[in-house]
Each structure stands twice: as structure tokens, then as C-alpha cells.
Amino acid sequence: MKKILCLLLSSIFIFSSISVEVDEDEIRTSGGSIEFINYSGTHTQIDTIEQIRGIGTQLGGAATTGRAGEQGRYYVMHIVDPNDTKGFDADILIIGERAAVDHINNLRLILAGYLQGAYGYSANDASTIAHFVTIYNAVHRGDMAYFTSKYKTAVTTNLTSDKVGLSTRYDEWPGKTQIVIPLSDPRFAGTISSVDTTTITDKDVIDKVKQEDDKDIDAREQMIDLKERESDEAAKRAEEAQKEAAQKQKEAEQKQKEAEQKQKEADAAQKAGDTETAEQKQKEADAAKAEADAAKAEADKKKDDAAAEQKLSDKKDKEAQDERKDVAADTQKIIEEKADEKKAASDAAIASSVPGYGLKVVDTSKLLSELVLLDLKTAKELKTSAVKTIHGRCLLDSKGRLMAIAGTTEGGSVITLVLFDPKSLEVIKQGDDNIASESVLVQNESDYYAVIDEGGKYYIGRFDGELKLQAKSSLQVLPYSPITIVDEGIMVQATDNTLRLIGLKDLINVVE
């Protein structure tokens with residue numbers, strides 16, 4: 001048997017090498033995604049994309065003639081019943097016993113070709129609709145109760161429960177497939193609203209595609225774009241129909257006036273006994289009245305068309321807005337899931353390593369650093385902090401956390417003491433006191449010392465492990481003063497450039 005295969009470079013048509021041994025029942029379990037099983041063996045003949053698409057294009061005549069194709073291979077029934085107002089009209093693509101399609105991407109190409117040939121869709125829009133039509137038919141495979149409730153009798157009488165919809169297995173397609181394409185109101189035929197996009201993106205379909213790892217975001221965004229254009233084009237058609245209705249209404253009113261005038265003339269002639277003139281004027285009055293009625297009927301029809309177009313426009317606009325919010329929420333979930341996966345991988349790498357923390361200078365002009373987590377076994381950097389403004393090239397331990405001076409005075413920001421989480425390297429706490437940018441950071445048991453900046457005046461400050469200022473010196477110091485702990489106290493450099501000794505108990509307490 002000839003097999004259809006093509007090499008597709010577009011990201012929309014990526015072939016997968018899924019094993020044909022996968023159990024379909026397992027794939028269809030409640031809550032699972034739709035996964036199509038494709039032929040993965042070798043082929044005796046390879047067809048091009050255009051050849052495969054051409055199969056569908058040749059079937060496009062069904063939209064005009066009602067039937068097209070070869071029943072044993074690919075066959076389309078275009079079913080429209082204007083006398084039945086309950087349910088959808090539909091196109092039914094039948095995959096016959098001798099059909100050779102064995103990959104979902106190629107089946108979608110055939111469908112897209114049909115939509116282009118039948119309704120003039122662009123290649124991109126046809127591909128988007130074909131994508132959702134296949135999922136829609138897979139979701140509702142074999143569910144005659146569903147199709148009976150949604151489609152006209154003329155459609156459902158051509159469907160059978162053992163064939164309706166699309167199997168997820170390629171080997172169950174030939175002779176066992178009736179792909180149903182829901183059609184919109186016939187007045188929209190030939191527009192981008194020819195196919196009812198609302199139905200092929202119903203809740204059941206979207207719930208399924210959301211189970212994909214990527215939540216089918218790209219295809220859903222393409223559909224949103226299509227619906228937005230449906231709304232815009234319907235609104236334009238509504239406006240045009242309204243203008244035509246107004247014009248026809250004017251014509252009807254003018255003809256009505258003419259009819260009334262002719263009727264008066266006919267009545268006058270009749271009263272005057274001029275039978276011949278009366279008969280002629282009556283004919284003219286009746287003709288004008290008929291024209292007025294015709295114009296009025298056409299005006300009413302245009303008003304109905306305008307109302308229908310506006311209703312469609314509003315509907316598609318709302319759907320697009322709701323779906324865009326839904327896609328945005330799903331996109332955020334994917335971002336969060338990837339972030340969680342990245343964090344898990346990072347945590348696993350850290351767990352298997354011998355971690356060590358260090359500072360790396362990233363700004364040589366200001367000597368600012370970032371915090372780095374290093375695997376001491378491999379010397380590989382496991383993680384770096386988002387903060388790139390650590391001062392003094394000094395990092396101290398505070399009850400398992402990492403203390404440093406960080407920040408900038410640019411843009412109204414401040415330089416303070418901060419505590420970093422040793423695992424995430426994120427700032428978990430920030431002090432309330434401004435610290436001099438040139439300050440050193442020194443630890444003495446459970447106390448920490450740094451130079452405080454109070455509006456350009458600098459003092460030695462003592463902090464606890466929670467960055468709370470406990471005491472400060474009365475002596476002003478240079479912003480870059482060294483802080484040397486000795487038995488007698490703290491050696492500092494005063495503003496007169498002399499070294500001074502401050503007793504540890506001489507600091508002024510700022511907390512009780």
C-alpha cells in the first residue's frame with residue numbers, strides 16, 4: 001500500500017516517533033490529553049506537502065456540488081438544510097478503506113487543503129482550523145448522542161456510531177472515519193466564519209489540549225487571532241449591511257409615496273368617469289406599491305443581516321477575550337512549572353555537591369560583587385545571586401544565613417545590611433539603616449559592626465544577627481574607617497585621620 005509521508009519543517013507540523021504499541025485505552029483515560037498514534041515504519045513512496053494538501057483541495061468542490069471525491073479513498077459530503085433551523089449544517093470528510101494517510105499531520109494537511117479549496121481560507125487559518133477539527137473529532141469519537149444533539153437531522157442520518165469522529169490510531173482511520181466539520185449560518189459562507197470555530201474549540205476540546213505539556217498555547221493563540229479577525233470582519237459587514245438597509249429603506253419610502261400619488265390619480269380619474277385613465281393610473285400605482293414592498297423587504301433583510309453580523313462580531317470578540325485571558329493564565333502556569341523544574345534541578349545539583357559560598361567582583365570600577373554558590377568538588381558554579389551590588393567583598397555567617405552590605409544610592413535606592421538565603425541566594429531580609437558605601441563589615445561573636453551613614457555623618461554601628469541596630473558611637477569616623485576589634489575595644493579612624501580606640505561599652509545604646 002502506498003503510504004503518505006512528508007518532511008515538514010514548520011513547527012506546526014512536527015512528526016513524532018510514537019510507538020504503535022501504545023494502548024489507546026490508556027491514552028483516552030479521563031483527564032488525559034489527546035495523543036495520536038502515527039505510523040512509524042518505512043514508506044515505499046514519499047509525497048510532497050503540496051501533493052498531500054492537493055488531495056484536500058480537489059475535494060473543495062463539495063461546497064458547491066454537495067459531493068466530491070472517491071468514496072473508497074477520500075470523500076466529502078457538504079450537507080446544508082435551510083428548512084431545518086435546529087442544529088448545525090456540516091461537511092463530513094470520509095476516509096475510505098483504500099485511503100493511505102497514516103500520520104495526523106498529513107491528515108491535517110488534507111483538511112487544510114479542503115478548507116482552502118472550499119471556503120477560501122488562507123493556508124495559516126486553514127491549518128489552525130484543521131488542527132482543532134481533528135482534536136474535536138477525537139474528543140467526540142463515537143458519541144452519536146452528542147452529534148445528534150448538535151447537528152441537523154440531514155447530517156446525523158449520514159453518521160454512524162462506529163465511524164463518527166476520529167480515532168487516535170492511524171490504523172483505525174481507513175473505512176472507519178467520518179470527520180465532522182461544523183458550519184456556521186450559510187450567510188457567512190465564503191468568509192473566515194464559514195466553519196463554526198466556537199464548536200471546534202468547545203470546553204471538552206480545550207480541557208484536552210490543556211493537558212499537553214505546552215498546553216497547545218501556539219495553536220490556541222492562532223485560533224484567538226482568527227476569532228478576533230472574525231469579529232472585526234463581521235463588524236465591517238454589519239456596518240455595510242446597515243448602510244444598505246438605510247438606502248433600501250429610503251427607496252421603499254420614495255416608492256411608497258409614488259404609489260400613493262398614483263393611487264390618488266387613479267381614484268380621481270375613476271371619480272371623473274375616465275375609466276381608461278383610471279385603469280392606467282391604477283396599474284402604475286400597483287407597480288410602484290410592489291416596488292416599495294420589494295425595497296422594504298430587502299431593507300428588512302439587510303437589517304436582519306446586520307443584526308446577525310453584529311451578533312457574530314460580539315460573540316467572537318467575547319470568546320477571543322476570554323480565551324486570551326485563559327491562555328495568559330496557562331502561559332503563567334508553564335513559566336511557574338519551568339521555574340519549579342529548574343529549581344528542583346538546581347536543588348538536586350546542590351544536594352549532590354559540596355557547596356561553598358563566595359563573592360565574585362562584577363564591577364571593577366566600584367568593586368561590587370555578586371554572591372556565588374560553588375560546588376567545591378568540581379569548582380562549578382551552581383548558582384549566582386540576582387544582587388550584583390555587594391560592597392566590601394565581605395560575607396559573614398548569621399545563624400546559617402549570609403550577611404553582607406549591599407545596595408546602591410542610584411535611583412533613590414539605599415545601601416544597607418542584608419541577609420541572603422544560603423540555598424536560593426535571594427535576599428530574605430534588609431536592614432533599616434543606611435550604611436556607608438565604603439564601609440567594612442566586621443563580626444565579633446554575635447555582634448556585627450559597620451559604618452552608619454547619617455546624612456553624610458558617619459558613626460560606628462553595632463548590629464545583631466537580625467540587622468537591628470543596637471548601639472552606635474558618639475565619635476564621628478571616616479566612611480572608609482577600618483574596624484579592628486581588640487581586647488580593649490574597637491580601633492577606628494576618626495574624621496581628623498587619627499586612630500582612636502572606642503570601648504565596646506562606650507557605644508551609645510539605641511535600643512532598650
Exercise. For segment 124-139, does any single residue satisfy the condition of being of a type outside the set (Lys, Arg) and not in a helix (DSSP H, G or I)?
Worked result: no
Exercise. If we scan segment 150-171, do we find a residue that is closer than 21 Å to Met223 by Cα and either in a helix (DSSP H, G or I) or open to solvent by 20 Å² or more (accessible area, probe 1.4 Å) (or both)?
Worked result: no
Problem set entry | Cβ-Cβ under 9 Å pairs, at least 6 apart or on other chains, segment 414-439 side touching a residue at least 40 places away in the same chain (Cβ under 8 Å) and over 19 Å from Asp397 (Cα atoms), far side aromatic (Phe, Trp, Tyr) and surrounded by 19 or more Cβ atoms within 10 Å (Cβ to Cβ) | Ala436/Tyr458
Problem set entry | Matching residues, segment 183-236, being in contact with a Gly (Cβ under 9 Å, 6 or more places away or on another chain), more than 30 Å from Asp84 (Cα to Cα) and surrounded by fewer than 16 Cβ atoms within 10 Å (Cβ to Cβ) | Asp207, Gln211
Exercise. Is segment 309-327 home to any residue that is within 31 Å of the chain's Cα centre (by Cα), farther than 30 Å from Ile415 by Cβ, at pLDDT below 90 and buried (at least 16 other Cβ atoms within 10 Å of the Cβ)?
Worked result: yes
For this session: Give Gly87, Gly61, Gly66 a once-over and let me know the one that is on the phi > 0 side of the Ramachandran plot, of a type in the set (Gly, Ala, Ser) and in contact with a helix residue (DSSP H, G or I) (Cβ under 8 Å, 6 or more places away or on another chain).
Result: Gly87
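Each row is one residue, and each column tells you yes or no for (1) part of a strand (DSSP E or B); (2) aliphatic (A, V, I, L, M); (3) more than 24 Å from Leu367 (Cβ to Cβ).
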{"position": "Ala406", "(1), (2), (3)": "yes, yes, no"}
{"position": "Gly411", "(1), (2), (3)": "no, no, no"}
{"position": "Ser437", "(1), (2), (3)": "no, no, no"}
{"position": "Ala450", "(1), (2), (3)": "yes, yes, no"}
{"position": "Tyr458", "(1), (2), (3)": "yes, no, no"}
{"position": "Gln470", "(1), (2), (3)": "yes, no, yes"}
Exercise. Among the listed residues Asp267, Asp322, Asp293, Asp317, which satisfies the condition of being in contact with a Ser or Thr (Cβ under 6 Å, 6 or more places away or on another chain) and either part of a helix (DSSP H, G or I) or farther than 21 Å from Leu226 by Cα (or both)?
Worked result: Asp317
For this session: Look through segment 461-504, keep the residues that are in contact (Cβ under 8 Å) with a residue 12 or more places away in the chain and open to solvent by 90 Å² or more (accessible area, probe 1.4 Å), and return whichever of them is farthest from Leu402 (Cα to Cα).
Result: Asn497
For this session: Would you mind finding the one in Lys271, Lys281 that is open to solvent by less than 60 Å² (accessible area, probe 1.4 Å), farther than 30 Å from Val209 by Cα and not hydrophobic (A, V, I, L, M, F, W, C)?
Result: Lys281
Seminar exercise, completed: Wholly inside segment 48-112, strands (runs of 3 or more DSSP E) that include 1 or more residues that are crowded, with 22+ Cβ neighbours inside 10 Å and touching a residue at least 24 places away in the same chain (Cβ under 8 Å) are 74-79, 89-95
Seminar exercise, completed: When Lys208 is run through (1) assigned to a loop (DSSP other than H, G, I, E, B); (2) out of contact with any Asp or Glu (no Cβ under 7 Å at 6 or more places or on another chain); (3) among the basic types (Lys, Arg), the failure sits at (1)
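The values are calculated or read from the model by the stated rules, or taken from the named source; none is laboratory data. Only a predicted model underlies this, so the values are computations on that prediction, with no experimental measurement involved. Backbone-built Cβ (ideal geometry, glycine too); neighbour counts: all protein chains shown. Accessible surface areas use protein heavy atoms only, side chains included; no ligands, DNA or RNA. Shrake-Rupley method; radii C 1.70, N 1.55, O 1.52, S 1.80 Å.
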